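Q: Submitted below is the structure of interest, expressed as C-alpha cells.
Coordinate-derived values only; no laboratory data. Since this is a predicted model, take the numbers as computed values, not measurements. Every residue, glycine as well, gets a Cβ built from its backbone with ideal geometry; the counts of neighbours run over all protein chains shown.
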Amino acid sequence: MDLEDQANVNRLAETSGTDGMVVLLGQPDANSAGLFAETVTRGDPTWAGPLAGVPLGLPVYHVLEPEIKEQMDGELYDEHVGLMELSADVDEIIKWVAVYRD
Amino acid sequence: MSSTPAILNASYALAHAPDLVRYGSKPVREIGRDPSLLARINGSLRPWDEVVAYPPNQVFIGNLAPEDLASIPRPWYENRIGSAGPAGAFGRMVTQPALYGLMKLCDDFDLLTIDGELAEHAGADLVDFDHRRDRITGVDPAELRTVAEESDGLDLFHDGRLAGFIRTAHDQDESLAASVLLENLASKATAVLAVSDLLRRSRLEAGDIDYLLNCGEEAVGDRYQRGGGSLSKAVGEVVGCLNATGSDIKAFCSAPVHALVAAGAMVAAGVHKYVVVLGGGSQAKLGMKFGAHLRNGVPVMEDCLASMAFLVGPSGADGDGMELRLDLAGKHPIGAGSSPKAVYESLVVEPLVRAGLSMTDIDKYAVEMHNPEITEPGGSGDVPRVNYRTLAAMAVLRREIGRGDMDGFVAERGMPGFAPTQGHIPAGVPYLGHALESMRRGSLDRAMIVAKGSLFLGRMTQLVDGVSFIVERPAAARRQR
Amino acid sequence: MDLNGRRVVAIGEREGVTGPSLKLLAESAGADVVFSVTQCFV
C-alpha cells in the first residue's frame, strides 16, 4: 500500500481509535487484495511503510463479498462493481481477504 | 485542404540505465533511509546482455511479436532469447554509455560533465547516430572529481566508478535542482534517439516535419512555471527539424493517445502536414518496484528508460501507414463517472456504436501494456490481463459473447504486457509498431488503442481520464466506409 | 459485518473499483466513510 495512505490509516486509527472502523477494498485481483488486507490487519508485509510492525487488526472486507454486496444499493452496485464481478476471480479474492481477516 | 490522417511510422528505444536506478524517485528515498539498500539494488541489476535478451524488451523493439511472448514460459528473465540483438524492426536498445553520450549531446547548458573514458565509450556506442556527436567530450578524472566536489549536484556512475556529474543550475530553485534536470535531460535524450530513428526509417527529411508534440511526463520549467515548459522544440532542434515548432501535451499516462488524436486532427485540418508525436523516458520511475523485486529474489527490472516517436501525416504519404479514424476517437467525459463500466462504455463502446461496429469487429485491443513480470511481485497484479478481462466482461454485458467465451476473447484480441513501467509509455501505444507491421503484412485490419490516466495522483481532482482511437489498414478502412 | 453506522476506510484501485465508487457504495449501506483513496500502481 502507498506509504502516505498507510500513514493516513495509521493516523486515523491513532486519533480516533479502531472501534467501529472497517476497511473496504476494491482491488481487481487476489494478490493485491490480499496484500492490502494483510497491511491493515497484521501490518505492512513489505516493511517499508508506517504500518510495518503495526498490527491494526482492522476488520477488512472486499466489495465483492456477498455479505457486503447485499447491504449496498443494487443499482449503484451494478454500475460500479458489475463489470468486476464478471471479470475478476471473485472466489479467489474473497478467499485471500478472509485469510487475513480471520 | 483535408487529408485522411495516418500513423506512417513508429519508433521505440530502450536505454539501459543501471546506474541511474539509484536516482529513481523510490530508490532515492529508500536509500536515504537505509544506505545499505544501494549495494543490494546494484547487486540485483541485470547486465546489458541479459537486458538485450529479455523477451519483453525484444517485443518492445519489434523483434518478437506480442503473440510470441505469450508462448514463452515465465519467468521471462530466465527464459532469455539467446540470439537476440539490440537492433529491432522498429526500435533499438542502447547501452548506458550511449545514454550518457545522448544526454551529453543534448546538454545545451553545460549541466553534465563526464570523464574521457565514458565519452570515448559513448562515442563508440553511438557510431551510427547522426547528430552532434562532436559534443560528446570528456574531462580527465581529476577534473571530474574537482567539479563534483566543488558544485552542487549529483554524482553519476558507470562500471562502479564516478564517471560523471550533473550540476544544479540554480541554488534557490527546486525546479532546477540536479535531480530534476537529470529527469528532464534523460527524457530529452531518449526522445531524441527515438525521433532520430523515426526519421531515419522514414522517407522524409527532418526538415519536412512541421510540428512536434511531446507527451512525456517530465516537469520542464523553472520555479515560476514548474512543469509548464516544453521539450518538443528542444528535441526537434537536436535532430534538425528546422522547420518545426511544437508544444507538449500533458495528461498523465493518457497523454500519448491525446497527442496522437491531436496530431491526426492537425493533419486532417491541413494545419500541418507532418507531425511527430514523441515521448522520452521516465527517470523518476526507474527502480520504482525495487523493494518488491528484492523481497521476491527477482532482478530489479525497471532498469531501462523507454522512449517512442510516431510520424503522423496524410495517408500513403510515407509508404503504407495505418489510418487514424478520427471520427471514432473515444473519450471519457467529465460527467461520465469513474466506474469501470462508465469508463469502458465511453472509451470503447460509444465510438464503436457510432460506427455501427461491435466489440468483436476490433481485431486487437491495446490497453495498459505494462509487463506483468515487473508489477506482480509487488502485488499489483497483471494490469493488461485485468484490462482485457474487463473488456471481455463488457462484451458479455452487451451480449456480444457468452460468459464462456471470455478467455477466448482475451486470448484472441488481447496480448501479454511487454512495456516497461514508464508511465505514459505503456498506455496502449507500444502496440502501434506491431500494428503497423501486421497491417503492412495484411494480417490485421483494425485495432483500438485505449489509454487511461490517473488524474487523481496530482491531488487536484478525483477523476480518472481516458481516451482511445481506432487505426485501420487503409484497404479495410475503404471497405468500411 | 453490518456496515450501517460504521466508520469505513475505502481503499480502491484504478483498475478495479475506485475510492470514490467505494465511498458511494458504502454510504448507500449507511456507513460513514472517513477516508477514501484510489491506488494506482503504474
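Q: Provide the per-residue ³J(HN,Hα) series for the range B:202-207, in order, calculated from phi with Karplus coefficients 6.51, -1.76, 1.60 and θ = phi - 60°, each as a whole number of Hz, with x at glycine and proline positions.
A: Each residue of the range B:202-207 in turn: 9, 7, 7, 9, 4, x Hz.
Q: Which FRET efficiency value, to the nearest 0.05, is calculated for B:A89 and B:D134 with the Förster distance at 25 angstrom and r the Cβ-Cβ distance?
A: Plugging the Cβ-Cβ distance into 1/(1 + (r/R0)^6) gives 0.25.
Q: If you don't mind, another one. Anything over 20 Å Cα to Cα? Flag those among B:K26/C:K23; B:K250/B:K285; B:K188/B:K233; B:K26/B:K250; B:K26/B:K104, in the order listed.
A: From the list (B:K26/C:K23; B:K250/B:K285; B:K188/B:K233; B:K26/B:K250; B:K26/B:K104), the Cα-Cα distance tops 20 Å for B:K26/C:K23; B:K26/B:K250; B:K26/B:K104.
Q: Among all helices in chain B defined by DSSP H, which have a length of 20 Å or more along the axis from Cα atoms plus a Kyte-Doolittle mean of at least 0.5?
A: Sorted by number, the helices that extend far enough and score high enough are B:178-201, B:255-269, B:383-397.
Q: Just to be sure I understand: of the beta bridges DSSP finds with both ends in the range B:322-480, what percent are antiparallel, rounded to 5?
A: 75
Q: Next question. In whole Hz and in residue order, list the ³J(HN,Hα) couplings for the range B:34-50 that follow from phi through the Karplus curve 6.51 cos²θ - 1.76 cosθ + 1.60, θ = phi - 60°; x for Gly and Pro.
A: 9, x, 5, 5, 4, 5, 5, 5, 4, x, 10, 7, 8, x, 3, 5, 6
Q: Once the other residues with Cβ under 12 Å from the Cβ of A:E65 are scored (Lys, Arg +1; Asp, Glu -1), what is the net sum?
A: Charge balance near A:E65 sits at -1.
Q: Dipole magnitude of the protein assembly as shown about its Cα centre, charges +1 at Lys/Arg Cβ and -1 at Asp/Glu Cβ only, in debye to the nearest 20?
A: 1180
Q: Output the 0 to 90 degree angle, nearest 10, between the alpha-carbon long axis of helix C:19-28 and the longest principal axis computed from the alpha carbons of chain C.
A: Approximately 20 degrees, to the nearest 10.
Q: Could you give each residue of the range A:52-59 its phi-based ³J(HN,Hα) in whole Hz, using Karplus coefficients 6.51, -1.76, 1.60 with θ = phi - 60°, and x for Gly or Pro?
A: 4, x, 10, x, 5, x, 6, x
Q: Same structure again: Checking the a/c ratio against 1.5 first, then a/b against b/c, what shape does the Cα gyration tensor give for the protein assembly as shown?
A: oblate
Q: Ok, one more. Which residue, A:A52, A:Q6, A:L86, has the largest displacement toward the positive end of the dipole of chain A when charges sit on each Cβ (Lys, Arg +1; Asp, Glu -1)?
A: It is A:A52.
Q: Also: Can you list, largest first and rounded to whole Å, the semi-axes you get for chain B by taking the square root of 5 times each eigenvalue of its Cα gyration tensor?
A: Semi-axes, largest first: 36, 25, 21 Å.
Q: Sticking with this one: Excluding residues fewer than 8 places away in the same chain, name every one of the lysines whose C-alpha is closer than 23 Å to that of B:K364.
A: B:K331, B:K341, B:K452
Q: Charges at C-beta only: +1 for Lys and Arg, -1 for Asp and Glu. How large is the resulting dipole of chain C about its Cα centre, in Debye rounded to 20?
A: Charge dipole of chain C: 80 debye, to the nearest 20.
Q: Taking the Cα centre of each part, how many Å lie between the range B:236-285 and the range B:347-423?
A: Comparing the Cα centres of the range B:236-285 and the range B:347-423, I get a distance of 26 Å.
Q: Just to verify a number: FRET efficiency for A:E75 and B:D361, C-beta to C-beta distance, R0 = 30 Å, to 0.05?
A: After rounding, the FRET efficiency stands at 0.50.
Q: Shifting gears a bit: Take the alpha carbon gyration tensor of the range B:322-480, find the square roots of its eigenvalues, order them as a ≥ b ≥ c, and report rounded if a/c is under 1.5; if not, report prolate when a/b exceeds b/c, else oblate.
A: Rounded, because the longest to shortest axis ratio a/c is under 1.5.
Q: Now for a separate question. I'd like the FRET efficiency for B:R200 and B:E67, computed as 1/(1 + (r/R0)^6) with the beta carbon distance as r and R0 of 30 Å, rounded to 0.05.
A: It comes to 0.65.
Q: Also, quick follow-up: Can you list the residues, at least 5 places off or on another chain, whose amide H is less than 5 Å from the amide H of A:M72, using H built in the peptide plane?
A: none
Q: Sticking with this one: Test of understanding: express the Cα radius of gyration of the range B:84-128 as a ratio to 2.2 N^0.38 Å, with N the residue count.
A: 1.26
Q: Additional query: Restricting to Cα pairs below 8 Å that are 6+ residues apart, what does the relative contact order work out to for chain B? Please round to a whole percent.
A: Normalised by residue count, the contact order of chain B is 20 percent.
Q: Non-local amide H neighbours of B:I401 (under 5 Å, H modeled in plane, Pro and chain starts lacking H): which ones?
A: Distant-sequence amide H within range of B:I401: B:V396.
Q: If packing is taken as the average count of other Cβ atoms within 10 Å, what order do B:191-197, B:172-178 fall into, highest mean first?
A: B:191-197, B:172-178
Q: Would you mind telling me the antiparallel percentage of the DSSP bridges in chain B, rounded to 5?
A: Among the beta bridges of chain B, antiparallel pairing accounts for roughly 70 percent.
Q: Something else now. Using alpha-carbon positions, what is the distance between the centroids of chain C and the range B:1-40, in Å?
A: Chain C and the range B:1-40 have Cα centres spaced 33 Å from each other.
Q: Using modelled backbone amide H atoms (1.01 Å from N, in-plane), which distant-in-sequence or interchain residues come within less than 5 Å of B:G330's amide H?
A: Sorted by chain and number, the residues that satisfy this are B:S468, B:F469.
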